[in-house]
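K.L.:
Quick one: this structure, given as structure tokens, is what I'll be asking you about.
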Amino acid sequence: MSLTILVFVKQVPDTKNITGEAMKADGTVNRAALPAIFNPEDLNALEMALELRERYGGMVAVGTMGPPTATAVLRHALYMGADQAFLLTDRKFAGADTLATSYTLAAGARKFAAEIAPFDLVFCGRQAIDGDTAQVGPQLAEKLALPQLTYVEEIQEVTAGRLRARCLIEGGYEIIECPAPSLLTVVSTANTPRPPGARRLMQFKKARTRSELAAAHRDRAYEEADLLIEEERRLRDKGLWIHEWHAEDLDVEPDRIGMAGSPTKVKAIESVVLAGREYKQFGTDQASINQLVHELIEAHILS
Amino acid sequence: MVAKKRIGNVWVFIEQDGGRIAEVSLELLSRARELADQLGVETAGVLLGDRCDGLPQQLFEYGCDTVFLAQDPRLDPFTPLPYAKVIVDLVEAHRPNIFLFGATPVGRSLAPRVASCLLAGLTADCTDLRIDDFEDKASGTVFKNKLMQIRPAFGGNIIATIANSWQDPQMVTVREGVMPMPEPEAGRTGKVVKVPVELRDEDTVARIVERSKAEKAVNLRAAQIIVSGGYGVGSAENFGLIREFAEVIGADVGASRAAVDAGWIDHDHQVGQTGVTVRPRLYIACGISGAVQHRAGMSESAEILAINRDPDAPIFSIAHYGIVGDLNEVIPKMIKAYRSRV
């Protein structure tokens, strides 16, 4: 048996390490000041896919939707061991909420299945740290008409057309059997993602998308440049080709993608301004702390 | 242009397991009641399971006007596909205006599947809900009486107000403990509507072969005093000091997300937007900077004591008592002071 596993990943701003410099004077976030990272739980999803490939054989493909710079996470996935990568990028995808995002990812998955290989499983991280919604996984499952398993910690077994997985629930777990293809969202406790392989890094740092290749040749008109077509063929043969798909390459309705395809709209953004309440300050010497504890006990706050 | 249409009711997904209703569902019923009263519509609970005949009365007492009750052995325990099918059919038949889900693992698995099928907007982890008008600037359409879905975003550095511009329902999830638990009104009654359960073969493909569920070992929501540690604690070893402090003063142990992510303590202890919301008599924040998503889970505490090295840490702006200093130095002195109290 061999499995084809599609892993959807996201490049996110590192919201955990937001510092003062990342906030603009008007209270909005300066995204440019934040490092862009591989969404942590997507690394767990990729690790789980790679481990399954090692057990059963097959192929791991990784896909993302994002700006052209999101190829950084695709290359990282190739360094870790992914076999194929594709980027869904288009200005028309911008401003997408989770519904429009899952719609676009589903179109990418269908294109992958039609042109490269039909998939047996789709993996996502449970949630992305920039929104923490955990919505795209289940929404993508619905868009692809697949069963969904969420909060997956372990895949116990995959047999012909079926899989058995351990999923976290509130206060415990469930072992669930379900048919493949299906979609799974993976939690951070599932595994420890492997570091990039040194040899793979040397090899796949040369992996390119079409736009990157064109940019390296000063954006020459692609169709007319035999050189680019020749280089693309060479990269494809070596497995160094990152598929780049735009809205026009996918079977998508224009009013279902990006801002137009997003039912939720941001009405207002407020920076978090604190009232700056006066608090009673105590020193760090023992006498001051004794005084504080005494006051708390007197006020029946501590007993 | 003003969009005008019939206003549907306010629905709450009632989560139950083994005949026990999740607290978050009851909390949501009270907010649903307020929203419905404001809109001049009714509330309904959507209850799925098996052998749940005794539950609707409890829901009436918590503010439900109608309970849609779908019972079938295939709906117990929860799995997302059959639940989504029954709920999508129900929404299409009745078109509620607003539909609230608890942001539990069940709600977070079910609500997106339902929303995706209905092409409805869904906002996760709201910390407040209000009714207001909304102008969609892209289309120039003015929507009257829409649900304002308020949530921290971008790592909690901003508060976003989200509104839906597509057709109803307006769907949101809300964490447990964010809305206060209402007092039940004994003897209040309502109407039960039995819902036919029509499932297709593809809805029942997943099978639970084993299930293990324990009551939560930690219940911070009931805690009177909480000692909470954050990233400033510095290490798993230092976190032992937080535990010791808590034990000495008879408190429960909480943590910020950063401390949980660092692996110093289990997620059950996490306070904040992606953890539990607490309202203790005293909250002691140790080495917690006080990002808004943490504050969302503890700012309602009666008294807050902040211990932090950074005098500009936002936690001080909501604190009642504060010590600017190294917690590794301060906490042992607090323990000493408490032990030697008279």
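The values are calculated or read from the model by the stated rules, or taken from the named source; none is laboratory data. Here the structure is a predicted model, which means the values were calculated and not measured. Using ideal geometry, Cβ is built from the backbone for each residue, glycine included, and neighbour counts are taken over all protein chains shown. Ligands, DNA and RNA are stripped out before the accessible areas are found, and what is left, the full protein with its side chains, is counted by its heavy atoms. Shrake-Rupley method; radii C 1.70, N 1.55, O 1.52, S 1.80 Å.
K.L.:
Give me the log10 of I(q) over I(0) for region B:79-229 at q = 0.20 Å⁻¹, as the Debye formula computes it from C-alpha points; what are the numbers?
P.N.:
-1.37
K.L.:
Pop out the carbon and sulfur fraction of the accessible area of the protein assembly as shown as a percent, whole number, probe 1.4 Å. Before the final figure, lay out each step's value.
P.N.:
Values: 13040 of 26790 Å².
Carbon and sulfur together cover 49 percent of it.
K.L.:
How far apart, in nanometres, would the label points at B:GLU210 and B:GLU329 be if each is projected 7 angstrom from Cα along the Cα-to-Cβ direction?
P.N.:
Using points 7 Å along Cα→Cβ, the separation is 5.2 nm.
K.L.:
Once the Cα atoms of region A:131-185 are picked out, what are the Rg and Dmax in Å?
P.N.:
Expressed in Å, the Cα Rg and Dmax of region A:131-185 come to 11.4, 36.
K.L.:
Trypsin sites (Lys or Arg not before Pro) within region B:122-175: which are DSSP loop residues with at most 11 other Cβ atoms inside 10 Å? Could the numbers behind the result be given before it?
P.N.:
Working: sites: B:ARG130, B:LYS137, B:LYS144, B:LYS146, B:ARG175; in loops: B:LYS137, B:ARG175.
Qualifying residues, ordered by number: B:LYS137.
K.L.:
Okay, next question. Over the Cα atoms of chain A, compute the convex hull volume and normalise it per residue, giving Å³. Each step should come with its number before you reach the end.
P.N.:
Numbers: hull volume 64.1 nm³, N = 303.
Spelled out: Cα convex hull of chain A, divided by residues, is 211 Å³.
K.L.:
At a Förster radius of 41 Å, what calculated FRET efficiency corresponds to the Cβ-Cβ distance of B:GLU237 and A:THR69, to the nearest 0.05?
P.N.:
Taking R0 as 41 Å, the efficiency between B:GLU237 and A:THR69 is 0.60.
K.L.:
What's the angle, to the nearest 10 degrees (0 to 90), between helix B:105-118's Cα axis and the longest principal axis of chain B?
P.N.:
Tilt relative to chain B: about 40 degrees.
K.L.:
Choose one of A:TYR151, B:GLY287, B:ASN9: the residue whose Cα lies farthest towards the positive end of the charge dipole of the protein assembly as shown (beta-carbon charges +1 Lys, Arg; -1 Asp, Glu; about the Cα centre).
P.N.:
Farthest along the dipole direction, towards plus: B:GLY287.
K.L.:
I would also like to ask the following. What relative contact order, as a whole-number percentage, does region B:23-70 give when Cα pairs under 8 Å and 6 or more residues apart are counted? Walk me through the numbers before you get to the answer.
P.N.:
Numbers: 46 pairs, mean separation 20.8, N = 48.
Once normalised by length, the contact order is 43 percent.
K.L.:
If you don't mind, another one. Before we go on, tell me the buried accessible area for the B/A pair, both chains summed, 1.4 Å probe, in Å² to the nearest 100. Working shown, then result.
P.N.:
Values: alone 16600 and 17060 Å², together 26790 Å².
For chain B against chain A, roughly 6900 Å² becomes buried.
K.L.:
Per residue, what volume in Å³ does the convex hull of the Cα atoms of region A:96-225 enclose?
P.N.:
On the way: hull volume 22.8 nm³, N = 130.
Expressed per residue, the convex hull around the Cα atoms of region A:96-225 is 176 Å³.
K.L.:
Right, here's the next one. Relative to the longest principal axis of chain B, what angle (0 to 90°, nearest 10) does the C-alpha long axis of helix B:327-339 take?
P.N.:
80 degrees
K.L.:
With every protein chain kept in the model, how would you rank B:ARG33, A:ARG208 by accessible area, 1.4 Å probe, largest at the top? Present the calculation step by step, with values, prior to reporting the outcome.
P.N.:
Details: B:ARG33 50, A:ARG208 80 Å².
Result of the area sort, largest leading: A:ARG208, B:ARG33.
K.L.:
What figure in square angstrom, to the nearest 10, would you give for the accessible area of A:HIS246 with a 1.4 Å probe?
P.N.:
Accessible area of A:HIS246: about 60 Å².
K.L.:
With an 8 Å Cα cut-off and a minimum separation of 6 or more residues, compute the relative contact order for region B:220-339 in percent.
P.N.:
Working: 270 pairs, mean separation 31.0, N = 120.
Relative contact order, region B:220-339: 26 percent.
K.L.:
Could you estimate the translational diffusion coefficient of the protein assembly as shown from the Stokes-Einstein equation, with Rh from the Kirkwood formula over C-alpha pairs, at 10 °C and 1.306 mPa s, in whole µm²/s? Let's see the in-between values first.
P.N.:
Values: Rh = 26.3 Å.
Stokes-Einstein gives a translational diffusion coefficient of 60 µm²/s.
K.L.:
Can I ask one more? Considering every residue in B:248-254, what mean count of other chain Cβ atoms within 10 Å of its Cβ is obtained? Could you put the intermediate results ahead of the total?
P.N.:
On the way: counts 0, 4, 2, 1, 0, 0, 0.
Mean shielding count: 1.
K.L.:
Please state the charge dipole magnitude for the protein assembly as shown, taken about the Cα centre, from unit charges on C-beta atoms (+1 on K and R, -1 on D and E), reported in debye and rounded to the nearest 20. Spell out each step's value before the answer.
P.N.:
Details: 71 positive and 86 negative charges, 108 e Å.
Taking the Cα centre of the protein assembly as shown as origin, the dipole is about 520 debye.
K.L.:
Against the longest principal axis of chain B, how steep is helix B:236-249, in degrees 0 to 90 to the nearest 10, with axes from Cα atoms?
P.N.:
90 degrees
K.L.:
Which log10 I(q)/I(0) values, to two decimals, does region B:33-110 give at q = 0.17 Å⁻¹ under the Debye formula with one point per Cα?
P.N.:
-0.73
K.L.:
Taking N as the number of residues in region B:197-312, what value does Rg over Cα atoms divided by 2.2 N^0.38 Å take? Before the final figure, lay out each step's value.
P.N.:
On the way: Rg = 17.8 Å, N = 116, 2.2 N^0.38 = 13.4 Å.
Region B:197-312 yields a ratio of 1.33.
K.L.:
Could you give the dipole magnitude of region B:2-204 about its Cα centre, charging the beta-carbon of Lys and Arg +1 and that of Asp and Glu -1, in debye to the nearest 20? Mind showing how you got there, number by number?
P.N.:
Values: 22 positive and 29 negative charges, 107 e Å.
Dipole about the Cα centre, nearest 20: 520 debye.
K.L.:
Ignoring everything but the protein chains, give the 1.4 Å probe accessible area of B:PHE154 in square angstrom, nearest 10.
P.N.:
Counting only protein heavy atoms, the figure is 20 Å².
K.L.:
In µm²/s, what is D for chain B at 10 °C and 1.306 mPa s, where D = kT/(6 pi eta Rh) by Stokes-Einstein and Rh is the Kirkwood radius from Cα pairs? Each step should come with its number before you reach the end.
P.N.:
On the way: Rh = 21.7 Å.
Calculated translational D: 73 µm²/s.
K.L.:
Let me ask another. Going down the list A:LYS92/B:LYS137; A:LYS92/A:LYS143; A:LYS10/A:LYS92; B:LYS85/B:LYS194; B:LYS144/B:LYS191; A:LYS92/A:LYS267, which pairs span over 24 Å between their C-alpha atoms? Could you put the intermediate results ahead of the total?
P.N.:
Numbers: A:LYS92/B:LYS137 18 Å; A:LYS92/A:LYS143 19 Å; A:LYS10/A:LYS92 18 Å; B:LYS85/B:LYS194 16 Å; B:LYS144/B:LYS191 29 Å; A:LYS92/A:LYS267 21 Å.
Beyond 24 Å between Cα atoms: B:LYS144/B:LYS191.
K.L.:
Suppose the chain between A:SER303 and A:ALA32 were pulled fully straight at 0.36 nm per residue; how much longer would it get relative to their current alpha carbon spacing?
P.N.:
Details: separation 271, 0.36 × 271 = 97.56 nm, distance 4.91 nm.
Residue separation times 0.36 nm, minus the Cα-Cα distance, leaves 92.7 nm.
K.L.:
Here's another thing I want to ask about it. For region A:40-79, max minus min Cα coordinate along each principal axis, in Å, sorted largest first?
P.N.:
Taking the Cα atoms of region A:40-79, the three principal extents are 33, 18, 16 Å.
K.L.:
Starting from the Cα-Cα distance between A:ARG200 and A:ALA117, subtract it from 0.36 nm times their residue separation and give me the gain in nm to one decimal.
P.N.:
Going from the current span to full extension adds 27.6 nm.
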